[in-house]
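Working notes, beginning with the structure itself.
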Amino acid sequence: MADVLNTLNEKLKTKFGSDILSAEQLFDFPVFTVKKEKILEIIKTLKEEEGFNFLTDLTGTHYPDNKGQELGVIYHLHDMPGNRRIRLKTYASLADPKVLSLTGLFPGANWMERETFDFYGVLFTGHPNLKRILNMDEMNYFPMRREYPMEDAKRDDKDNSMFGR
Amino acid sequence: MAEVKDIVQNKPVEKIYSTLNLGPTHPATHGIFQNILKMDGEIVMDAESTVGYIHRAFEKIAEHRPYNQITPLTDRLNYCSSPINNLGWHMTVEKLIKAEIPKRVQYLRIIIMELSRIADHLVCNSVIGVDTGAMTGFLYVFQYREKIYEIFEEICGARLTTNIGRIGGFERNWSPTVWKKLDEVLEVLPKGLREFENLLTRNRIFIDRVSGCGPISAEKALSYSFTGPNLRAAGVDYDVRVANPYSSYEEFDFKIPVGTTGDTYDRFMVREQEMWESISIIRQAIEKVKKEPADIFHGKVPEFYLPDKEDVYNKMEALIYHFKIVMGEMDVPVGEVYHAVEGGNGELGFYLVSDGGRNPYRLHFRRPCFIYYQAYPEMIKGGMLSDAILTMSSMNVIAGELDA
């Protein structure tokens, strides 16, 4: 497992240098954090030169305390013949939540990016049809961001103070 | 004659397309799917899918629930094979907490997962029959699905939304009735399956109807991130059970059936063959279980697995763990894991980020249905309307998994 991390890290470092912000091994996954401007280029390199031709998953996350890098986009790529899996992460700020779209490389990224936009408000530049997918079109906020409570905060019929909720 | 020629040459006849709203609730779509079809007569020219009609915000709810309470959310994803979702979630958490699971529990899990795969494929394949006008097979195989559900009921008390197992193992050991029922299923299911295959697989009418319907090439399927039987029908031998074995699948001997053209007949045949492989896996698992000590049904993960009630009354540690688990205050390590299992429809992945709190910081379900349903418009383009219905049921799109 660690070999995958080291070999890929070496290759990416020689090609992209400081655009690779960090590389670490989390459980069975090598994880690379990269600059968001380079994400498309890096994934294209991985697809064309390293054989990572399958986009397993694309999703978002939100770290409100991570100032300037609040919104994360997480990619899981799979090299099926070599059976290698990697995770790529990139962060964007709330003020400028633009990340390059992968739809040109993987048509399957279409709905996954729409879902990420729907829930986190990440704007994928280059996406052909970036609109809400699971929520209704009239919604004017991004519900998976941390600041939105699951229940109406004004409710007073429930006292959960004892239970850490 | 000259006048007609003149009209045709100078003013091209404008093609008129009609718009047809298929769904959201339509008896032929087996779920809540809306497709706005652009039709030229009976030929589908274009389609636009709208999803989200039963979106229940599971990912948001999961961020507010302790780990044990997330299990009931997962079985509402693919409700045709809910035990796979439950056990997949347990295995994800076990990966995060680095729990050691005894071999017997792993084999028991394999039995459950393969049974639910059979139940899932039975529904899908028999519904392909219904959509082509062959109701009989559907009515016959549902009694075998019923027998499988009786086993689930005997193990966990529920049939459809099972909430089966716990983090660390099973909530109780399997009763002798379970093993009896399992033997019964293994005896009658192959006969029933054979009967069902006699009805359809070599049936000229059925083959003419389904072959060439809704095909997809391997290259397209890969680019659309297809997984599971739909990808294998296109000819790619990718199966999570083999590529990244979990729960000791590496010890089992089974084949991965693959198709060639990715059409409805291939999807049907791949699922059909997978059921036979599943039966063989269950038989192997039963043999393996017999060699393990019979009283083990959970691993040693006291922080997550509820202690015996007897111990709760008599032992201090057990009481503390019991209290912490029930109140959802387990100590979860910080970390992030991705774990995938081979669900009924493909790679069912759980991406879990833990910040050490009582709830996951982020939990994302990689739902195979959601990902491959986006290729649906492309697959039905240029075909007949009735083929569109058939393609949808042969892809086995499950509304619960689609919308999460």
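For chain B, the longest principal axis of the C-alpha atoms and the axis of helix B:103-131 are separated by about 20°. If the reach is capped at under 18 angstrom between alpha carbons, list the aspartates and glutamates near residue B:309, excluding any in the same chain fewer than eight residues apart. Within the straight-line cut-off, residue B:309 pairs with B:171, B:295, B:317. Residues of segment A:82-100 whose accessible area (probe 1.4 Å, heavy atoms of protein chains only) drops by at least 30 Å² once all protein chains are present, relative to their chain alone: A:83, A:85, A:87. Expressed in Å, the radius of gyration and Dmax of the Cα atoms of chain B are 23.7, 103.
Short-range pairs are left out: with C-alpha atoms under 8 Å and at least six residues apart, the relative contact order of chain A is 17 percent. Dipole magnitude for the protein assembly as shown: about 260 debye, using +1 per Lys or Arg Cβ and -1 per Asp or Glu Cβ, origin at the Cα centre. Pick out the long, greasy-scoring helices in chain A: whole DSSP H runs spanning 18 Å or more along their own axis by Cα, mean Kyte-Doolittle at least -0.5. Within chain A the helices that satisfy the rule are A:2-16. Using the heavy atoms of the protein chains and a 1.4 angstrom probe, tell me the accessible area per residue for chain B in square angstrom. Computed with neighbouring chains in place, this is 40 Å² per residue. Legend: residue pairs B:95/B:181; A:13/A:47; A:36/B:95; B:103/B:255, Cα-Cα distance threshold 28 Å; pairs beyond threshold, B:95/B:181; A:36/B:95.
For segment A:51-165, pairs of C-alpha atoms spaced more than 19 angstrom apart make up 54 percent of the total.
Contact residues in segment B:340-380 by the 10 Å² criterion (accessible area, 1.4 Å probe, full protein complex versus chain alone): B:347, B:351, B:353, B:358, B:361, B:362, B:364, B:366, B:367, B:370, B:371, B:374. Radius of gyration (Cα atoms) of segment B:259-404, expressed as a multiple of 2.2 N^0.38 Å: 1.52. Between helix B:135-156 and chain B there is an angle of about 20 degrees, using the helix long axis and the longest principal axis of the Cα atoms. With N as its number of residues, segment B:260-321 has a Cα radius of gyration that, divided by 2.2 N^0.38 Å, comes to 2.03. Residue B:281 sits among other residues whose Cβ lies under 14 Å from its own Cβ, and their net charge, with Lys and Arg +1 and Asp and Glu -1, is -3.
Please grab the % of Cα pairs in segment B:307-372 that end up more than 18 Å from each other. Above the 18 Å cut-off, segment B:307-372 has 56 percent of its Cα pairs.
Just check the protein assembly as shown against the gyration tensor rule for me: Cα atoms, a ≥ b ≥ c as the square roots of the eigenvalues, rounded for a/c under 1.5, and otherwise prolate or oblate depending on whether a/b exceeds b/c. In terms of gyration-tensor shape, oblate.
Per-residue ellipticity at 222 nm from helix content only, as computed over the protein assembly as shown with -39500 (n - 2.57) for each DSSP H run of at least four residues, stands at -13000 deg cm²/dmol. What is the helix-to-structure angle for B:82-97, meaning the angle in degrees between its Cα long axis and the longest Cα principal axis of chain B, kept from 0 to 90 and rounded to the nearest 10? Rounded to the nearest ten degrees, it is 50. Among the trypsin sites (Lys or Arg not before Pro) found in segment B:260-324, those both in a DSSP coil and sparsely packed, with 16 or fewer other Cβ atoms within 10 Å of their Cβ, are B:291, B:300, B:315. For the protein assembly as shown, the residue among A:46, B:36, B:205 whose Cα projects farthest onto the positive side of the dipole built from Cβ charges is A:46.
The values are calculated or read from the model by the stated rules, or taken from the named source; none is laboratory data. Values in this document were obtained by computation on a predicted structure and should not be read as measured data. Here Cβ is always computed from backbone atoms with ideal geometry, including for glycine, and neighbour counts include all displayed protein chains. Note: areas computed on protein heavy atoms with side chains; ligands, DNA, RNA excluded. Shrake-Rupley method; radii C 1.70, N 1.55, O 1.52, S 1.80 Å.
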